[in-house]
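The values are calculated or read from the model by the stated rules, or taken from the named source; none is laboratory data. Since the model is a prediction, treat every value here as computed from it, not as a measurement. Heads up, the Cβs are rebuilt from the backbone with ideal geometry, glycines too, and the neighbour counts pull from every protein chain shown.
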Amino acid sequence: MNDDIGNIPFTTMDGATATLADFRGKVLLLVNVASQCGLTPQYAGLEQLFAQQRDAGLVVIGFPANDFGAQEPGSNEEIAQFCKTSFGVSFPLAQKIAVTGPQRHPLYAALTLAQPVAIDTSGGALRAKLAGYGMKQADPSDVLWNFEKFLVSREGHVVARFSPDVTPEDPALAAAIAEQLGK
């Protein structure tokens, strides 16, 4: 595991301290999630992706964040319950963190530094829509919105970053994951 990101602690939904190094040898898809976002239905695709690729070595980890439009207002307990009852989420969830701004979690600071540009298969549609509402990133490398995805290799390197509107079913994401899984 790349020590730059592998040893940064975060807290799991059950209150335990974890690091990405705990998932050594796995391909990781790290996603900042929110329960009240227009993209929230991506939980279903993320769960399906995890279920289909878990045995091959993929782990999806959700990082709830309330950074965008206050779309994750709940407590950690409420978030966990929502994910389980609404989408049957079985992949690991962290406790709520910040992914932008001065309170940004060190893991997300390292992720955006390692991969400052997201792959956007929609040609910037979400970015343009958000700009139309007056919402812009403070820094071009900041996370754009809920459900941005970072792909981490088995060796712990951030190998790709995908825009929030790149769905779990998107062929570009599927190809990147398959490459990392050696499929």
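Against the test of being within 23 Å of residue 18 (Cα to Cα) and either touching a strand residue (DSSP E or B) at 6+ places or on another chain (Cβ under 6 Å) or aliphatic (A, V, I, L, M) (or both), the options 97, 119 yield a single qualifying residue, 97. Can you tell me which residues in the stretch 77-106 are aliphatic (A, V, I, L, M) and part of a loop (DSSP other than H, G, I, E, B)? Correct list: 89, 98, 99. Of note, residue 14 does not satisfy the criterion of being closer than 26 Å to residue 176 by Cα, out of contact with any Cys (no Cβ under 9 Å at 6 or more places or on another chain) and among the charged types (D, E, K, R). Looking across the stretch 53-110 at every residue that is over 30 Å from residue 182 (Cα atoms) and of a type in the set (Phe, Trp, Tyr), the one that is modelled with the lowest pLDDT is identified as 68. Taken over the stretch 15-34, the residue count meeting the criterion of being out of contact with any strand residue (DSSP E or B) (no Cβ under 9 Å at 6 or more places or on another chain) and not in a helix (DSSP H, G or I) is 4. Note on the stretch 107-116: residues that are in a helix (DSSP H, G or I) and either surrounded by fewer than 14 Cβ atoms within 10 Å (Cβ to Cβ) or of a type in the set (Val, Ile, Thr) (or both) total 2.
Among the residues of the stretch 117-140, not a single one is closer than 14 Å to residue 31 by Cα, surrounded by 15 or more Cβ atoms within 10 Å (Cβ to Cβ) and polar (S, T, N, Q). The residue that is surrounded by the fewest Cβ atoms within 10 Å (Cβ to Cβ), among those in the stretch 157-172 that are outside any loop (DSSP other than H, G, I, E, B) and of a type outside the set (A, V, I, L, M), is 171. Against the numbered list (1) assigned to a helix (DSSP H, G or I); (2) under 26 Å from residue 126 (Cα atoms); (3) in contact with a helix residue (DSSP H, G or I) (Cβ under 9 Å, 6 or more places away or on another chain); (4) among the hydrophobic types (A, V, I, L, M, F, W, C), residue 63 comes up short only at (1).
Of the residues examined, residue 27 is not one that is out of contact with any Phe, Trp or Tyr (no Cβ under 6 Å at 6 or more places or on another chain), at pLDDT below 95 and of a type in the set (A, V, I, L, M, F, W, C).
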